[in-house]
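Please read the structure below before turning to the comments.
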Amino acid sequence: MTKFHRTYTTKANFMLHGGDYNPDQWLDRTDILADDIKLMKFAHTNTFSVGIFAWAALEPEEGVYNFEWLDKIFDDIYGIGGRVILATPSGARPAWMSQKYPEVLRVNSARVKHLHGARHNHCFTSPIYREKTQKINRLLAERYGQHPALLMWHISNEYGGECHCHLCQEAFRNWLKEKYPDLKSLNHAWWGPFWSHTVTDWSQIESPSPIGENTVNGLNLDWRRFVTDQTIDFFENEIIPIKEVTPEIPVSTNFMADTHELIPFQALDYSKFAKHLDVISWDAYPAWHNNWESTADLAMRVGFIDDLYRSLKHQPFILMESTPSLVNWQQVNKAKRPGMHLLSSLQMVAHGSDSVMYFQWRKSRGSAEKFHGAVVDHDNSLDNRVFQEVAKLGGILEKISDVVGTNRPSDVAILYDWESNWALNDASGFGLKTKRYPQTLQTHYRTFWEMDIPVDVITKDQDFTSYKLLIVPMLYLVSEETISRLKTYVASGGTLVMTYISGIVNEHDLTYLGGWHKDLQEIFGMIPVETDTLYPNDRNAVHFNGKTYELKDYATVIQLNAAKTEAHYVQDFYANTPAVTSNVFQKGKTYYIGARLEDDFHREFYSGLINELAIKPAASVKHGKGVSVQVRQSPECNYIFIMNFTEEDQTVVLESAVKDMVTGEQLSGEVVLEKYQVRIVEKEKS
Ligand code: GAL
């Protein structure tokens, strides 16, 4: 079980409520800026991220600065008791800079140099861009570092993408020289002799490209690692003056998710990035009310990402952006239905957020995001439905400030790994469209979400010895070092679940020889000898605990050694052979799930483990499907969020008396939650 105590990640002991505020779009409208300050109070908002993308307003010409407008914003926000999260402006730059210093422009993988435009498009290596960002960041830190409104730093915006210019190629080669002692070891790791890809001089190495090298898995994997490291290196360069001038102000940058099917952001390894941040924050834009999944299904996937990003530091995080209503970049941009804003925002708090922040405070009048939802609409009206929902939520957040700084201890961990996902996706094999690693982890997470059992979604570098149950689905790439830590975990009493397509390659993406890694063979008491990939319409089944469960996509043929068969296949050439196995290894136990099985199998299988390991939900609330109960804990109190993610009324049964933190009512027994309703109740620990 993870330890917990209060952690004030931002040094604020209230729930942050506010969001991206872009007054630089309105500098010629002092009436509107004055309205903003008035409306902020009515909306019960208290914190604003300013300066994101404001470089052209801050430095209209090279070396000519204009901070007066920002001085006033700081003072005005502070004047109403608000706080500022100050952004560095590097997410977009003024046109003069690209014109004068073309090296700051990104080059894509096809080696086409971009023109100036859009945003998030700089070269991470460019010495000039690094120098320019440091300079403006230092000026910001010196000017606002002592301002009492300054709460936190928001470094750049949503770092992402990659650059393939000659400076980046050189940096990549240097990165490789640091990693590999010589070309012999590089050629071995990249399996050079295959197709005559042996490299004989460092200068022959180029980043992967659609018009060049793109088939060497080891190179592709190293490039992805380099992109993460180079992004972090750029970030580290940005924060040098910030840490020097304002060492006591925490630093964050806003992480993302991939949005259509909501899964963690794929392109950067956030487990590495997290180590460089004081606070984790992320931008959540789930497509509520979509036509491909239920509200509860989507809520479960949001919970998974929250639990992953929270577990990166095992401390509360910040919801840095969300929309109070709709976005403008989906195929269909549906408005949040009444009640959904409260529910979706409080779900984030339930999973560990100490804030609800929006993009953006006031809707832009022109350009690319003028139809994106905002707190203040073009009507500038207090009576606007969205504004009213935001204000209502603000009132609730003020009443639950005791939740700030509390955590979510957990007995169960699911292991998520960015590198393994990259390698698996790059592997030409299995089903090219059915690998779906993040989604697979979400299907394992689902049972625990449905049963209100808190889960930490952890990464391989973290200590997992304290969990009763560790679930490691589809860990295709796993190093000897991780294997040995898994072995120690089981030997000392842990319960480990692994699945098909796990333990196939090492950290260089080279397959393990000899069947399977010998330690995995030993702890699982079996060998996965063949992985059968099925066509999307193919179905097979397994027999487990007297019932039959459907399987699709993947089935592993298993050679049993010391292990026991828990389930066996129903059809095909492996009918009646083991599909799921278990094995006692020293003080612990392992389970291997050989096939991709339906949710009902996971429910049955994990319920057994939950009972056996005496894993308990964090609160005893009886409820039907689609209701989620999530708990944050302080040393003294449990804060229980009961959330109805269905379109119908739901009756829940509270097993002990609790106090509603918002209405002050004492509640016990049956309570009815309307469609999308949330109750936040507190229960003192006995
Ligand atoms: C985020 C971005 C914001 C805004 C928002 C719209 O990804 O950081 O600046 O564009 O999306 O949903």
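Which pairs break 26 Å Cα to Cα here: K11/K313; K38/K135; K552/K625?
Details: K11/K313 16 Å; K38/K135 34 Å; K552/K625 24 Å.
From the list (K11/K313; K38/K135; K552/K625), the Cα-Cα distance tops 26 Å for K38/K135.
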| Within the stretch 35-72, what residues put their amide N at less than 15 Å from the label point 7 Å along the Cα-to-Cβ vector of E131? | 62-63
| At q = 0.12, 0.27 Å⁻¹, what base-10 log of I(q)/I(0) does the Debye formula yield for the stretch 359-435 when every alpha carbon is treated as an equal point scatterer in vacuo? | -0.75, -1.24
| task | Please list the radius of gyration and Dmax for the stretch 510-601, considering alpha-carbon atoms only, with Å as the unit. | result | 13.2, 41
| query | To the nearest 0.05, how large is the calculated FRET efficiency for N576 and N537 if R₀ is 22 Å and r is the Cβ-Cβ distance? | reply | 0.40
| query | Counting only protein heavy atoms, what percent of the accessible surface of the chain is carbon or sulfur at a 1.4 Å probe? | reply | 51 percent
| message | Would you work out the Kirkwood radius for the stretch 106-173? I mean one over the mean of 1/r across all pairs of different Cα atoms, in Å. | response | 14.0 Å
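How much length is gained if the chain between N611 and S484 is pulled fully straight, taking 0.36 nm per residue apart and subtracting their Cα-Cα distance, in nm to one decimal?
Values: separation 127, 0.36 × 127 = 45.72 nm, distance 2.76 nm.
Separation in residues times 0.36 nm, less the Cα-Cα distance, equals 43.0 nm.
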| remark: Rounded to one decimal in nm, the spacing of the 7 Å Cα→Cβ label points at Y78 and H147 is 0.8 nm
| query | Dividing the alpha-carbon radius of gyration of the stretch 199-356 by 2.2 N^0.38 Å (N being the number of residues), what value is obtained? | reply | 1.25
| field | Selected from F371, Y445, A423, residue furthest toward positive end of dipole (the stretch 356-446; charges at beta carbon) | value | F371
| How do 520-532, 647-659 rank on mean C-beta neighbours within 10 Å, highest first? | 520-532, 647-659
| field | Descending principal axes extents, the stretch 611-678, alpha-carbon based, whole Å | value | 34, 30, 19
| task | Could you calculate the contour length gain from R337 to L510, that is, 0.36 nm times the residue separation minus the distance between their Cα atoms, to one decimal place in nm? | result | 57.3 nm
| Hey, rough spin-label estimate for Q388 and D182, points 7 angstrom out along Cα→Cβ, what's it come to in nanometres? | 7.6 nm
| message | Along each principal axis of its Cα atoms, how long is the chain end to end? Whole angstroms, biggest number first, please. | response | 76, 74, 42
| In whole Hz, what ³J(HN,Hα) sequence does the stretch 391-399 give by Karplus (6.51, -1.76, 1.60; θ = phi - 60°), x for Gly and Pro? | 5, 5, 4, x, x, 5, 4, 5, 7
| task | Go through the stretch 549-562 residue by residue and turn each phi into a ³J(HN,Hα) via Karplus (6.51, -1.76, 1.60, θ = phi - 60°); whole Hz please, and just put x for glycine and proline. | result | 10, 6, 10, 9, 6, 9, 9, 9, 8, 10, 9, 7, 10, 7
| request: Over the chain, average the accessible area per residue using a 1.4 Å probe and give it in Å², no decimals. | output: 38 Å²
| Long-range amide H contacts for V497: which residues qualify at under 5 Å (H placed 1.01 Å from N, peptide plane, sequence gap of 5 or more or a different chain)? | L470, I471, V472, Y591
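Provide the FRET efficiency to the nearest 0.05 for the D201-D71 pair, computing r from the beta carbons and using R0 = 45 Å.
Values: r = 55 Å, r/R0 = 1.21.
Calculated value: 0.25.
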| task | Towards the positive end of the charge dipole of the chain, with charges on Cβ (+1 Lys, Arg; -1 Asp, Glu), say which of Q99, Y78, P316 has the farthest Cα. | result | P316
| note | the stretch 299-441: Kirkwood hydrodynamic radius (Cα pairs, Å) comes out at 17.5 Å
| For the residue pair E598 and S686, what label-to-label distance in nm results when each label sits 7 Å from Cα along the Cα-to-beta-carbon direction? | 4.1 nm
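Counting only C-alpha contacts under 8 Å and six or more residues apart, can you give the relative contact order of the stretch 611-671 as a whole percent?
Working: 85 pairs, mean separation 16.7, N = 61.
Computed over the stretch 611-671, the figure is 27 percent.
Work out the length of the dipole vector of the stretch 530-686 about its Cα centre, built from +1 on the beta-carbon of each Lys and Arg and -1 on the beta-carbon of each Asp and Glu, and round it to the nearest 20 debye.
So the dipole magnitude of the stretch 530-686 works out to roughly 560 debye.
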| task | Work out, step by step, the length gained on full extension between E244 and F194: first 0.36 nm times the residue separation, then minus their alpha carbon distance; give nm to one decimal. | result | 13.1 nm
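The values are calculated or read from the model by the stated rules, or taken from the named source; none is laboratory data. Just so you know, these numbers come straight off a predicted model, no measurement behind them. Reconstructed Cβ throughout: ideal geometry from the backbone, glycine too, with neighbour counts over all protein chains shown. Side chains included, ligands, DNA and RNA excluded: accessible areas come from the protein's heavy atoms. Shrake-Rupley method; radii C 1.70, N 1.55, O 1.52, S 1.80 Å.
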